[in-house]
Structures are given as structure tokens and as C-alpha cells.
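The values are calculated or read from the model by the stated rules, or taken from the named source; none is laboratory data. Source: prediction; values computed, not measured. Cβ placement follows ideal geometry from the backbone for every residue including glycine, while neighbour counts extend to all protein chains displayed.
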Amino acid sequence: MATIFRSRNTFESKSLDGVLGYLAGENLVKLTGNLSRNVLVPLAAILVFLLLWTAGAKQVQTSLGELPGPVKVWEQSRALYDEHRAERDKASAFDARMEKRIDKAIAEGKPPERIEKLKARKYTGPATFVDQIFTSLLTVMTGFLIATVIAIPLGIVIGMSQTLYQAFNPIIQLFKPVSPLAWLPLVTMVVSAVYVSDDPWFSKSFLNSAITVTLCCLWPTIINTAVGVSGVSRDLINVSRVLRLSWLTKTVKIILPSSLPMMFTGMRLSLGIGWMVLIAAEMLAQNPGLGKFVWDEFQNGSSNSLARIMVAVLVIGFIGFLLDRGMLMLQRSFAWDKNAVLR
């Protein structure tokens with residue numbers, strides 16, 4: 001009974017302390033501080049940015065009129081989405097008409113060749129802004145994945161051998177700062193000469209953009225992977241020698257887990273660079289993505305072009321932010337550094 005009574009008194013004492021803490025405002029202040037730092041402060045910063053944007057836009061006059069403010073940009077973003085919906089409705093109506101024509105041809109006993117030609121017909125309407133977003137995402141992920149598949153094994157091999165590191169370092173340092181605008185003409189000529197097919201799987205503009213992204217994504221991943229591998233603790237390497245682990249076992253069990261944080265850092269940098277490179281590559285290669293959208297609107301010169309370009313700029317920045325957060329979440333899932341996502 002005495003034990004129960006003491007436990008009850010202890011529980012009541014803790015409850016009373018908690019209530020008094022809230023009444024005193026200590027926990028409330030802490031909760032309010034976290035809310036302010038994580039929610040209110042970013043919202044206030046965004047609000048200040050929008051106010052400055054609105055005030056500054058009115059002071060800038062261009063050949064196409066006043067620089068668009070947030071309201072105008074929002075209106076054009078809705079207009080672009082409405083255009084996408086309208087284009088999808090047209091595509092659905094076209095598909096429905098073709099289904100009826102195919103069924104009618106089958107019922108009338110038309111030759112199989114005629115029916116196959118009807119089935120091969122696709123809607124050829126213009127790509128919408130939303131379509132161009134997905135085209136850009138496909139292009140950048142293709143280039144990034146190709147670069148990662150090449151860079152990580154190469155970085156591991158370079159990092160495990162000081163001789164190879166000294167051999168490859170001048171080449172890496174030579175090509176790392178090369179602009180995508182310099183790579184693109186070379187890539188275009190090589191693709192035009194090599195990729196010759198009557199029924200190509202991919203358009204040449206897509207390949208030009210993806211390969212240019214690959215060439216610019218290689219170097220951060222190679223460098224960071226090599227640095228991560230070369231920085232593995234000597235004690236772990238000595239343990240692998242004592243245990244007489246094979247090269248493959250040592251790489252999988254010791255090298256890779258220890259160098260994962262640096263690998264992901266390189267991949268993060270590569271993906272960010274690839275996304276920036278892509279826009280310039282699409283402008284010049286005329287790959288139907290966000291870069292081509294910006295260039296077409298610039299050439300169009302309508303009264304809404306500036307606002308539409310601003311919509312594209314904001315979308316490009318937002319997607320870049322999401323790609324970076326995605327890489328951080330992936331790093332947190334695979335690497336031992338669980339706090340990486342917080343940085």
C-alpha cells in the first residue's frame with residue numbers, strides 16, 4: 001500500500017509539474033519558438049519577397065511592357081494549366097474518333113495493313129507546359145543515371161589506387177570546368193554521325209541534351225567518390241588484409257559503407273549541376289522541355305511571354321529544390337549519416 005501511495009504521489013507530482021510548466025509558459029514558449037522558426041519565419045520571408053517583387057516589378061519597363069508581378073505570373077500559370085487540360089481533351093477526342101474508325105474498318109473487312117495504319121496514327125498536337133516538365137525530368141534523370149553508373153565504379157577504382165588517382169586527376173581537372181555550351185556542339189555532331197536509323201528509338205534532340213547532361217554530371221561524383229574511398233580508415237583496410245578478404249568483398253563490406261556519405265554528396269552536386277545544364281542544353285538542342293519553352297516564349301514576344309517565362313523560372317527552381325530533397329532522403333535511407341537530411 002505504501003508503495004502504491006508513493007507511486008501515486010510521484011505521478012501526481014509529475015503531472016502537477018507539467019501543468020505548472022505549461023501555466024508558467026516554459027513549454028508553450030518552446031513550442032511557439034519551434035513553430036515560429038520552422039513555419040512563421042519562412043512564411044514571413046516569402047511574404048517579404050512577394051512584396052518586394054510586386055513593388056520592384058512596377059518600376060521596370062521592358063520592350064514587352066511592365067515586368068510581371070506575382071499576380072500576373074499566377075494568372076499565366078493557371079492559363080498554362082488550362083491549356084494543358086484543353087490539349088488533353090483534344091487528344092482524348094482524337095483517340096475516341098480513331099477507335100470508331102478502327103472498329104468500322106474491322107467491321108467492313110478492311111485489309112490488315114489498313115487497320116495497322118489506323119492504329120499507328122497518334123495525336124500530334126503541340127507539347128504543353130506540363131508535358132515539357134516531364135520531358136525535362138526524363139532527360140535529366142537519363143543523363144544523371146548514365147553519369148552515376150560510369151562515375152561511381154570509376155571513382156572507387158581511382159580512390160583505391162594512388163597511382164590511378166595521380167593519372168586521372170589532371171584529366172578530371174581539365175574537363176570539369178568545361179561549359180555545357182562547349183560540349184553541346186561536339187555532342188550534336190557525334191550523335192548526328194553515329195546515331196543513324198530509319199526508325200530511331202529516341203529523337204536526336206533528346207540524346208544531345210541527355211549526353212550533355214551526362215558529361216557535366218560525371219565529375220562531381222567521380223571526385224567525391226574517389227575522395228571518400230581514399231579517406232577510408234587505414235585500420236579498416238588493415239583488418240581486411242588480416243582477414244585476407246578478396247578485392248570484391250573488401251569493396252562491398254568496407255569501402256562502400258564507409259564512403260557512402262561522400263558518394264551521395266557527389267551525386268547531389270551532380271544532379272543539381274545536371275538540372276542547371278539541362279535548361280541551356282534544351283534551348284540550343286531544341287529538345288521539347290523547359291529550356292525550349294523558355295526560348296520559344298522569348299522568341300514569341302507576346303504580352304504574356306515575360307509572365308510565362310517567370311512561371312518556368314519558378315517551376316525550374318521548385319523542381320530543383322525537390323530533386324535535392326529527394327537525394328537527401330535517399331542518402332538518409334542508405335547511408336549511416338541519418339542527420340544528412342537535416343542539413
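Residues that are touching a residue at least 24 places away in the same chain (Cβ under 8 Å) and surrounded by 20 or more Cβ atoms within 10 Å (Cβ to Cβ) within region 233-271 comprise Ile255, Ser259, Met262, Met263, Phe264, Thr265, Gly266, Met267, Arg268, Ser270, Leu271, listed in sequence order.
This table checks each residue for (1) in contact with a Leu (Cβ under 6 Å, 6 or more places away or on another chain); (2) assigned by TED's automatic domain parsing to the domain that holds Val311; (3) over 24 Å from Gln132 (Cα atoms); (4) free of Cβ contacts under 8 Å to residues at least 60 places away in the same chain.
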| site | (1), (2), (3), (4) |
| --- | --- |
| Ala57 | yes, no, yes, yes |
| Gln61 | no, no, yes, yes |
| Ala93 | no, no, no, yes |
| Asp103 | no, no, yes, yes |
| Ile106 | no, no, yes, yes |
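Determine whether Leu138 is assigned by TED's automatic domain parsing to the domain that holds Trp275 and assigned to a helix (DSSP H, G or I). It is true that Leu138 is assigned by TED's automatic domain parsing to the domain that holds Trp275 and assigned to a helix (DSSP H, G or I). Against the test of being surrounded by fewer than 16 Cβ atoms within 10 Å (Cβ to Cβ) and of a type in the set (A, V, I, L, M), the options Val140, Val187, Val191, Val149 yield a single qualifying residue, Val149. Meeting the requirement of 1 or more residues that are touching a Lys or Arg at 6+ places or on another chain (Cβ under 8 Å) and aromatic (Phe, Trp, Tyr), the helices (runs of 4 or more DSSP H) wholly within region 173-258 are 204-230. Among the residues of this structure, Gln59 does not count as one that is at pLDDT 80 or above and either among the aromatic types (Phe, Trp, Tyr) or surrounded by 11 or more Cβ atoms within 10 Å (Cβ to Cβ) (or both). In region 245-284, of all residues being at pLDDT 85 or above and hydroxyl-bearing (Ser, Thr, Tyr), the one that is farthest from Ile150 (Cα to Cα) corresponds to Thr265. As for region 304-326, it holds at least one residue that is surrounded by fewer than 21 Cβ atoms within 10 Å (Cβ to Cβ), without any contact (Cβ under 8 Å) to a residue 24 or more places away in the chain and charged (D, E, K, R).
Filtering region 116-137 to residues that are over 30 Å from Ala285 (Cα atoms) and exposed (fewer than 15 other Cβ atoms within 10 Å of the Cβ) leaves Glu116, Lys117, Lys119.
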